[in-house]
Amino acid sequence: MNRQIEKLYHIGKKSSRQVIGLMSGTSLDGLDIALCKLTNTGFDTQVQVQEFITLPYTEEFRAFIRQIFAQRTIDQQTLTGLNALIGITHAQLVLDALEAWKIAPESIDLIASHGQTVYHAPQSLTKDYKLPNATLQIGDADHIAVKTGIITLADFRQKHIAAGGEGAPLAAYGDYLLFSDKQENRFLLNIGGISNYTFIPSQETDLKAFATDIGPGNTMMNQYMKQHFNLEMDRDAQYASQGKVSELLLNALLEEPFLADKFPKTTGPELFNLAYLTSVQKRFGCSDLSPEDTLATLCKFAAQAICQAIEKQAEGLANCHVYISGGGLHNPLLLAFIKAGIPHISVHSFAKLGIDPDAKEAVLFALLANESVAGNPANVAAIADSPAICMGKVSLPS
Ligand SMILES: Nc1ncnc2c1ncn2[C@@H]1O[C@H](COP(=O)(O)OP(=O)(O)OP(=O)(O)O)[C@@H](O)[C@H]1O
Ligand SMILES: CC(=O)N[C@H]1[C@@H]2OC[C@@H](O2)[C@@H](O)[C@@H]1O[C@H](C)C(=O)O
């Protein structure tokens, strides 16, 4: 037997595995690296996040990705080259993190690499029914496996699509296995570039768990900051806090039909971007707002879309709790808008559930890899509108 296959077989039979989860999201801020000890599988899974770090991208690397990110027309040579470059860069960042933690690569069982989403194209978003649901994450995992010497699982979203899904959100799988609760109706809200939640009903209802994207998280605010101030984000809402929300622009932005579509659904910066803002501003005659007022409105827009999506599902349910992860948790104005928008629902940091809110998505991909090598797809059969499958392709180091 190929020694790497034999190794994988033994990893699958272990009672606990050391798995590095990698997430590079739509914000393009850097690579989230979570080293997790995963014991058991399915509902018996226990996760211990042993180390976590976000290693920032260089400005040059970010600019490179932006050349193709969420763009319909791109240079194929850049796309092809970046597939390799992102793989090589992610591998180096993993090695850097391991060195900083003083951990030998040999002690790691698996890497679970999300890759970099460059285009998300479910039919519901493209409305082009000649092409099937599709999504593209790049950063070739063969580079990661060869450079680190660690067996790497990657490209998780393709199987979801092949089995009838839209390729996102995938958070439901890990959320459901790790955070189901007897009494609480839980909304596990992640505010990254795009906001999404997993709804996990209490065991007292006969509702089903599901995950859905909601709308813009930070993406429009970030893009606006880049365009107007050449900054990556409105850190601590310093600009937005000085502005005043324009109700005219806010209500116009909220008219986007995607926001009223039924759950579950998926979206991306392909829809929620500055072109959308500009077109709405032109149509409703509100192009003359100050940057601060525009940012305050974009912040309220993200919050309002989140609150509406939670309200819609929480209707008629008692004991609802929202647990927030993702970078948006660090935006005080966004958090204040969310809390004010759903005053009757308890809002907490994800830290209350024992996981660093910034590490959560990387941890969830580590869990997906754990399920793929050792779990049972039947464990997740109860999640609504999501295929019961294990995900990820395997790259062997040799
Ligand atoms: N102190 C802060 N103040 C305001 N915003 C912040 C702060 N810290 C982080 N953010 C926001 O959070 C973003 C990063 O969030 P995160 O890392 O969760 O996104 P992501 O994983 O790239 O996205 P996604 O989950 O959509 O793929 C930043 O780009 C910024 O917009
Ligand atoms: C296509 C893609 O990369 N989608 C990401 C993105 O970031 C948030 C939202 O948009 C969600 O759909 C997804 O990530 C999370 C981890 C998910 O699949 O659950």
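Derivation of every value follows stated rules applied to the coordinates shown; laboratory data play no part. Owing to the predicted nature of the structure, the values given are computational and were not obtained by experimental measurement. Glycine gets a Cβ as well: all are built from the backbone with ideal geometry, and neighbour counts include every protein chain shown.
Tabulated results
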quantity	calculated
Shape of the stretch 64-213, Cα gyration tensor, a/c cut at 1.5	oblate
10 Å-binned pair-distance histogram of the stretch 145-258 (Cα, whole percent)	11, 26, 29, 25, 8, 1
When each of Lys226/Lys312; Lys127/Lys360; Lys102/Lys147; Lys159/Lys265; Lys208/Lys352 is checked by Cα-Cα distance, pairs over 21 Å	Lys226/Lys312; Lys127/Lys360; Lys208/Lys352
Order of Phe229, Phe337 under a 10 Å beta carbon neighbour criterion, fewest first	Phe229, Phe337
Total charge dipole magnitude, the chain, about the Cα centre, Cβ charges on Lys, Arg, Asp, Glu only, Debye to nearest 20	520 debye
Global form of the stretch 124-204, assessed from the alpha-carbon gyration tensor, a/c cut-off 1.5	oblate
Sequence of Glu106, Glu99 once ranked by neighbouring C-beta atoms within 10 Å, starting from the fewest	Glu106, Glu99
Isotropic mean projected area of the C-alpha convex hull, the chain (nm²)	19.2 nm²
Amide H contacts under 5 Å for Ile20, placed H, 5+ residues apart	Cys36, Leu110, Ile111, Ala112
Cross-link reach list, lysines versus Lys300, counting only Cα pairs under 16 Å and skipping chain neighbours closer than eight places	Lys244, Lys339
Long-range Cα-Cα pairs in the stretch 318-379 (distance over 20 Å), rounded percent	43 percent
Rounded tilt (10° steps) of 219-229 against the dominant C-alpha axis of the chain	70 degrees
Kirkwood hydrodynamic radius of the stretch 276-398, from inverse mean 1/r over distinct Cα pairs, in Å	18.0 Å
Relative exposure of Val94, Val146, judged by other C-beta atoms within 10 Å (fewest first)	Val146, Val94
Radius of gyration and Dmax over the Cα atoms of the stretch 50-123, both given in Å	14.8, 45
Value of Rg/Rh across the stretch 243-320 [Cα atoms, Kirkwood radius]	1.02
5 Å-binned pair-distance histogram of the stretch 1-144 (Cα, whole percent)	2, 8, 16, 18, 16, 15, 12, 8, 4, 0, 0
Dipole of the stretch 251-337, positive end: most advanced residue of Leu333, Cys286, His321 [Cβ charges, Cα centre]	His321
